[in-house]
1. Suppose the filter is out of contact with any Asp or Glu (no Cβ under 6 Å at 6 or more places or on another chain), among the acidic types (Asp, Glu), surrounded by fewer than 15 Cβ atoms within 10 Å (Cβ to Cβ) and within 28 Å of Gly87 (Cβ to Cβ); does Asp230 pass it?
2. Can you work out which of the residues in the range 161-215 that are of a type in the set (D, E, K, R) and at pLDDT below 95 is nearest to Ser237 (Cα to Cα)?
3. If I ask for residues that are within 21 Å of Ala130 (Cα to Cα) and either polar (S, T, N, Q) or more than 14 Å from the chain's Cα centre (by Cα) (or both), which ones from the range 157-178 would you list?
4. So how many residues does the range 135-171 have that are open to solvent by 40 Å² or more (accessible area, probe 1.4 Å), more than 19 Å from Leu200 (Cα to Cα) and not small (Gly, Ala, Ser)?
5. Determine, yes or no, whether Leu151 is assigned to a loop (DSSP other than H, G, I, E, B) and touching a strand residue (DSSP E or B) at 6+ places or on another chain (Cβ under 7 Å).
6. Please find, within the range 52-67, the residue that is nearest to Glu109 (Cα to Cα) out of those that are open to solvent by less than 20 Å² (accessible area, probe 1.4 Å) and assigned to a loop (DSSP other than H, G, I, E, B).
7. Does the range 92-125 hold any residues that are β-branched (Val, Ile, Thr) and assigned to a strand (DSSP E or B), and which are they?
8. Take the range 179-227 and flag every residue that is among the basic types (Lys, Arg), buried (at least 16 other Cβ atoms within 10 Å of the Cβ) and more than 23 Å from Ala128 (Cα to Cα).
Amino acid sequence: MPRGLLPDAIDVPLRAANLVIPVAADGSDAPDGSAPAGWRARLRASTIGDRLYFHSAWPTSDDDAVFFGPDTYRYTCALRRVLGQHGSLRRPVRRAVDIGAGAGPAAIELALRCRDATVYATDINPAALALADVNAGLNGAHNVMPCRSDLLDGVDGGFDLVMSNPPYILDPDALTYRHGGGDHGAELSTRIVHAALDRLHPGGSLLLYTGVAMVDGADPFLAGIRDRLDADTDCWSYEELDPDIFGGQLDCPGYEQVERIAAVWLHAVKRG
């Protein structure tokens, strides 16, 4: 983006807020003290429906990058489906949390549909919390509360709804927005299931969108949580939203035995 491309009303505040990066002619970051050939924005704007969200610009290679991509849309779409189905949520939502909320689209979607609810948008990434706060204000979701939390350790009490779209990739760089830990990236998703069921009120719901590495025709993530779901929920449903996503990941180390990665959606209702 050459200087002068944007009107001063936009260009000047962007520079004042340090939201543009000087770049060299080849597109790389310009060395300190050199004259830049252009500028690159630190943020990007996307829409879901008629709502606008700011998130990290491409490429999302920084340690604190806030990713917004296909999973964001699938997650929000699945949430809308549940919220639009009469009786899908057994318990009225007065207190909810989105674990790993990122830029906040799902937390904002819930907050706008449940105006009387307090919706905690939690994340371990300060950049994500800052963007979730901006996006909540931009979309009029004043009942969204950004909160620093690792799983649920930063918020007290019980919840009527716990939802999450966690990282699920086995990432050698352990980038926060990608790395799901061991078990081919399923470790974090498994921890979220247990944490949610520990803190949900009776009749409260867990809504989880994640990716699962399928091995030998089996779903190891579901196998690992099935006993807990059977023991502590009145009912649960589990479906593949997309049977084959991020196929290029299968060429990466650690995925030698993985046949495919499936996008899955879990809805579990706490017993009682």
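The values are calculated or read from the model by the stated rules, or taken from the named source; none is laboratory data. Since the structure is predicted, the reported quantities are computational estimates derived from the model, not experimental observations. Using ideal geometry, Cβ is built from the backbone for each residue, glycine included, and neighbour counts are taken over all protein chains shown. To get the accessible areas, we keep the full protein, side chains included, count just its heavy atoms, and leave off ligands, DNA and RNA. Shrake-Rupley method; radii C 1.70, N 1.55, O 1.52, S 1.80 Å.
1. Values: out of contact with any Asp or Glu (no Cβ under 6 Å at 6 or more places or on another chain): yes; among the acidic types (Asp, Glu): yes; surrounded by fewer than 15 Cβ atoms within 10 Å (Cβ to Cβ): yes; within 28 Å of Gly87 (Cβ to Cβ): yes.
Yes, satisfied.
2. Of all residues in the range 161-215, those of a type in the set (D, E, K, R) come to 171, 173, 178, 183, 187, 191, 198-199.
Subsequent filtering for residues that are at pLDDT below 95 retains 171, 173, 178, 183.
Values: Asp171: 28, Asp173: 33, Arg178: 25, Asp183: 22 Å.
Taking the candidates together, the pick is Asp183.
3. Of everything in the range 157-178, those that are within 21 Å of Ala130 (Cα to Cα) and either polar (S, T, N, Q) or more than 14 Å from the chain's Cα centre (by Cα) (or both) turn out to be Ser164, Asn165, Thr176.
4. Qualifying residue count, the range 135-171: 5.
5. On the way: assigned to a loop (DSSP other than H, G, I, E, B): yes; touching a strand residue (DSSP E or B) at 6+ places or on another chain (Cβ under 7 Å): yes.
Answer is yes for this residue.
6. So, considering only residues that are open to solvent by less than 20 Å² (accessible area, probe 1.4 Å) and assigned to a loop (DSSP other than H, G, I, E, B), the one nearest to Glu109 (Cα to Cα) is Val66.
7. Val97, Ile99, Thr118, Val119, Thr122
8. Arg199
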